[in-house]
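Peer 1: Handing you this structure, nothing more for now.
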Amino acid sequence: MFDVSIIIVCMNRPDNLYPCLESIRRTTVRVSYEVLVVAYMYDPAGLAKAREDFPWVRFIESNEIRGFSENNNLALKQAKGRYCFILNDDTELPEGGIWEDTGIKAEEDERTLKKVPGTIDRLVEDFEALPEGTAIVSPTLLNADGTLQLCGRPPYPARHYVLQQWHLFSEPKDSTAGQEPAAGVNGRKLFRSWNITGAAFLIPTDLFRELGWFDERFFFTPEDIALGTLACRKGYSLYVDTSAQVVHKWRTTASRMMRAIRPTAVRGSLMHFSDFKPWKYALLAVPVWLAETGKRAKAAVAQALRPSPAHRTELLTYRNITRSIFTGKMPKDIFTKYYNEIQKESGK
């Protein structure tokens, strides 16, 4: 039995995975843990090398088309820790597990040293300080340059999603602004949150199992928002620790795969925010379709005036989104269709 099972899905990106794993080893110093990496569509030679370079990591092969939910669930069902820490592969845990001078002299007249807790250590300690009924504790996310990416999440109703597609709403980066820290947590910098991001969060394994793991009806998004929403509906509380940090390099990992990812994400988001009710889906889908159609027209003009691979990818992305909103297909089917289209273009 471990304190924490760290779950990472990596789609053949050793340039992301290696720094992530090294940062876990370097900074996690107070809790016992196992690391389960779902090697998604991984190059066999690269996987063999990763196994050799990280013998303390358990690799789980995933060679069929699966989304974030399905891939994580492959590992989650094998987790042996009291807690599960979901972590994106394009993240790094900042230095925290280092020796600190306590100022106390030992018999040999040398100062005693202790380890400073890293991000995962802090989150586990947070759970021990928080009241019963806490479901999830998230770290603060930083961009690669050290600027704030996200600290907690406020309530995210359906209208905010629609307004966001029209660029009329932007989720605040820091939802703790103006909040008082949680009471009775011994000075810890813990604040209420109303949702999570799938890039990094800690949850008790038994509770995650009770909630049904990630909802596999979603493919890339919004399985994290769906999980946080479900936990809140069941009466659990969510928190963010502003002193526990994770660097998330998501801005550096976008690619032409957005042609398959974005329509899948929009379809899944509409399913979630409509609570799978057809009438509510239609009500939300119309303004979203209009917004995406406008973006598609703008992308078409850009490609006509200044043809480029980037403009073409953008145009095809919006084309695929508008075609997917009113389809009856599930997100996985949508992704599979456009993924195969991309592979065919590449001659694979």
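Peer 1: Using the structure shown, decide if Glu314 is closer than 30 Å to Asp145 by Cβ, acidic (Asp, Glu) and not assigned by TED's automatic domain parsing to the domain that holds Ala144. Even if it seems obvious, please write down each step before you answer.
Peer 2: Values: closer than 30 Å to Asp145 by Cβ: yes; acidic (Asp, Glu): yes; not assigned by TED's automatic domain parsing to the domain that holds Ala144: yes.
Judged against the criteria, Glu314 is a match.
Peer 1: Oh, and also: Looking at the stretch 237-280 only, could you name the residues that are surrounded by fewer than 18 Cβ atoms within 10 Å (Cβ to Cβ) and of a type in the set (Phe, Trp, Tyr)?
Peer 2: Within the stretch 237-280, Trp250, Phe276, Trp279 qualify.
Peer 1: Can you find even one residue in the stretch 217-228 that is more than 26 Å from Ala144 (Cβ to Cβ), surrounded by fewer than 19 Cβ atoms within 10 Å (Cβ to Cβ), assigned by TED's automatic domain parsing to the domain that holds Asp174 and not aromatic (Phe, Trp, Tyr)?
Peer 2: Yes, the stretch 217-228 contains at least one residue that is more than 26 Å from Ala144 (Cβ to Cβ), surrounded by fewer than 19 Cβ atoms within 10 Å (Cβ to Cβ), assigned by TED's automatic domain parsing to the domain that holds Asp174 and not aromatic (Phe, Trp, Tyr).
Peer 1: One residue is enough: does the stretch 300-307 have a residue meeting the conditions out of contact with any Pro (no Cβ under 8 Å at 6 or more places or on another chain) and under 21 Å from Ile225 (Cα atoms)?
Peer 2: Within the stretch 300-307 (the criterion being out of contact with any Pro (no Cβ under 8 Å at 6 or more places or on another chain) and under 21 Å from Ile225 (Cα atoms)), the answer is no, since none of the residues qualifies.
Peer 1: Can you tell me which residues in the stretch 31-43 are surrounded by 17 or more Cβ atoms within 10 Å (Cβ to Cβ), of a type outside the set (A, V, I, L, M) and more than 18 Å from Leu74 (Cβ to Cβ)?
Peer 2: From the stretch 31-43, those surrounded by 17 or more Cβ atoms within 10 Å (Cβ to Cβ) are 31, 33-40, 42; that's our starting set.
Going one step further and asking which of them are of a type outside the set (A, V, I, L, M), we end up with 33-34, 40, 42.
Result: Tyr33, single match.
Residue-wise test of (1) of a type in the set (Val, Ile, Thr); (2) within 22 Å of Gln245 (Cβ to Cβ); (3) modelled with pLDDT of 95 or more.
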| site | (1), (2), (3) |
| --- | --- |
| Ala50 | no, no, yes |
| Asp53 | no, no, yes |
| Glu61 | no, no, yes |
| Gly81 | no, yes, yes |
| Gly97 | no, yes, no |
| Thr102 | yes, no, no |
| Glu107 | no, no, no |
| Ile120 | yes, yes, yes |
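Peer 1: Among the numbered conditions (1) surrounded by fewer than 19 Cβ atoms within 10 Å (Cβ to Cβ); (2) closer than 28 Å to Ala226 by Cα; (3) among the β-branched types (Val, Ile, Thr); (4) touching a Lys or Arg at 6+ places or on another chain (Cβ under 8 Å), tell me where Ile342 comes up short.
Peer 2: Looking at each condition in turn, Ile342 falls short on (2).
Peer 1: Is there any pair with a first residue in the stretch 326-347 that is more than 17 Å from Glu70 (Cβ to Cβ) and a second that is basic (Lys, Arg) whose Cβ atoms are under 7 Å apart and which are 6 or more apart or on different chains, and what are they?
Peer 2: Sorted first by the residue in the stretch 326-347, then by its partner, the pairs are Tyr338/Arg259; Ile342/Arg256; Ile342/Arg259.
Peer 1: What pairs come up if the first residue lies in the stretch 71-95 and is outside the structural domain of Tyr40 (by TED's automatic domain parsing) and free of Cβ contacts under 8 Å to residues at least 40 places away in the same chain, the second is of a type outside the set (Ser, Thr, Tyr) and crowded, with 19+ Cβ neighbours inside 10 Å, and their beta carbons are under 6 Å apart, counting only those six or more places apart or on different chains?
Peer 2: Here the result reads none, with nothing in the stretch 71-95 linked to a residue that is of a type outside the set (Ser, Thr, Tyr) and crowded, with 19+ Cβ neighbours inside 10 Å.
Peer 1: Is it true that Phe169 is part of a loop (DSSP other than H, G, I, E, B) and under 17 Å from Leu74 (Cα atoms)?
Peer 2: When the stated conditions are applied, Phe169 does not pass them.
Peer 1: Which residue out of Ile60, Ile8, Ile24 is closer than 27 Å to Asn340 by Cα and touching a residue at least 40 places away in the same chain (Cβ under 8 Å)?
Peer 2: Details: Ile60 fails: touching a residue at least 40 places away in the same chain (Cβ under 8 Å); Ile24 fails: closer than 27 Å to Asn340 by Cα.
After applying the criteria, what remains is Ile8.
Peer 1: Against the condition more than 16 Å from the chain's Cα centre (by Cα), within 14 Å of Gly81 (Cβ to Cβ) and small (Gly, Ala, Ser), how does Ser23 come out, does it pass?
Peer 2: In short, no.
Peer 1: Checking Thr313 against (1) within 27 Å of the chain's Cα centre (by Cα); (2) surrounded by 14 or more Cβ atoms within 10 Å (Cβ to Cβ); (3) modelled with pLDDT of 95 or more; (4) of a type outside the set (Gly, Ala, Ser), only one condition comes out false. Which one?
Peer 2: Here Thr313 clears every test but (3).
The values are calculated or read from the model by the stated rules, or taken from the named source; none is laboratory data. Keep in mind that what you see is a predicted model, and the values were worked out from it rather than measured. No Cβ is skipped: glycine too gets one built from the backbone with ideal geometry, and neighbour counts run over all protein chains shown.
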